[in-house]
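Worksheet for the structure shown next.
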């Protein structure tokens, strides 16, 4: 199923906003920017909606980590990981953008969770 032009333009803008917000550690706002599109796409574009659900959960996991809720963050991150493979199987005009979103979420995840790794001391 293809997107109507207005629908595609709006989602493209929201995905670009999502990238910008994640890059700037505004994870809650990134989550919110995709929420409406996720809800709107669930009927006509269910696989695209699942990809957005994964991205939303990725941003939510980062926000939880930022708030010091590591356990909850790791649980929510698993939902992001669950839906990430759909990017490879869904024929979408947004595939490249989804990859960009995923890459940035994963980079931020590594940055935030590096602080949980045990530090080694140089002797």
So residue 72, is it touching a helix residue (DSSP H, G or I) at 6+ places or on another chain (Cβ under 7 Å), part of a helix (DSSP H, G or I) and either free of Cβ contacts under 8 Å to residues at least 12 places away in the same chain or more than 17 Å from residue 107 (Cα to Cα) (or both): yes
Matching option when the condition is buried (at least 21 other Cβ atoms within 10 Å of the Cβ), assigned to a helix (DSSP H, G or I), out of contact with any strand residue (DSSP E or B) (no Cβ under 7 Å at 6 or more places or on another chain) and touching a residue at least 60 places away in the same chain (Cβ under 8 Å), among 62, 11, 34, 52: 11
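Any read-out appearing in this document is the output of simple, stated calculations on the displayed coordinates, not a laboratory observation. What you see is a predicted model; the values in this text were computed from it and never measured. We place every Cβ from the backbone using ideal geometry, glycine too, and count neighbours over all the protein chains shown.
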